[in-house]
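The values are calculated or read from the model by the stated rules, or taken from the named source; none is laboratory data. Here the structure is a predicted model, which means the values were calculated and not measured. For neighbour counting, all protein chains shown are included, and Cβ atoms are generated from backbone atoms with ideal geometry for every residue, glycine included.
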């Protein structure tokens, strides 16, 4: 069965964005993008992305500037080639995504039963919290970046139940980013 993989960049002090939504601290070059455990390999392991509405509005149709590197252009082309689902209380007509509302657990279970590759839980924060609370995440894949922001949007907040995790893999990149992969203990 397909797995739901939470894959995010996070600062050492646990933030996914700075206080003004900035992500300029993310290192996106070298071995972080390439290699067996790099982001490119991760993108090849999925064929579906789950977004919250706010995250989809910001990133679901994002196009890099025309002066962006060929690697960044290719990255976004690959991201946009995936099937997209948007979880929202206010569904819209969108030819690039399927909107989901209602019984999230049942709809996610039905999607997981479909043939295909794993599913990337992109976020945002509210959707991640909902998935954690309902035990819907199979793998937590966190790229911990060597920076402390002091404030911003925390990765984990708003859930009450303990979640057991089992370490699958760690990869230290030359940039100082450490990739941590955990399976949810169910």
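Among the residues making up segment 54-69, those that are under 19 Å from residue 7 (Cβ atoms) and in a helix (DSSP H, G or I) are 54, 55, 56, 58, 59, 60. When segment 156-178 is filtered for residues that are in contact (Cβ under 8 Å) with a residue 24 or more places away in the chain and farther than 24 Å from residue 25 by Cβ, the ones remaining, listed by number, are 159, 160, 161, 163, 165, 168. Would you pick out the residues in segment 146-161 that are loosely packed, with under 15 Cβ neighbours inside 10 Å, modelled with pLDDT of 90 or more and farther than 19 Å from residue 124 by Cα? Of everything in segment 146-161, those that are loosely packed, with under 15 Cβ neighbours inside 10 Å, modelled with pLDDT of 90 or more and farther than 19 Å from residue 124 by Cα turn out to be 146, 148, 150. Of the strands (runs of 3 or more DSSP E) lying entirely inside segment 111-186, those containing at least 3 residues that are closer than 22 Å to residue 22 by Cα span 118-123, 139-145.
Output yes when any residue across segment 89-111 is modelled with pLDDT of 95 or more, farther than 30 Å from residue 160 by Cα and surrounded by fewer than 15 Cβ atoms within 10 Å (Cβ to Cβ), and no when none is. Checked against the condition, which is being modelled with pLDDT of 95 or more, farther than 30 Å from residue 160 by Cα and surrounded by fewer than 15 Cβ atoms within 10 Å (Cβ to Cβ), segment 89-111 yields no hits at all. Residue 94 falls short on exactly one of the conditions (1) in contact with a strand residue (DSSP E or B) (Cβ under 8 Å, 6 or more places away or on another chain); (2) in a loop (DSSP other than H, G, I, E, B); (3) closer than 25 Å to residue 149 by Cα, and that condition is (3). Across segment 132-145, the number of residues qualifying as out of contact with any strand residue (DSSP E or B) (no Cβ under 8 Å at 6 or more places or on another chain) and crowded, with 20+ Cβ neighbours inside 10 Å comes to 1.
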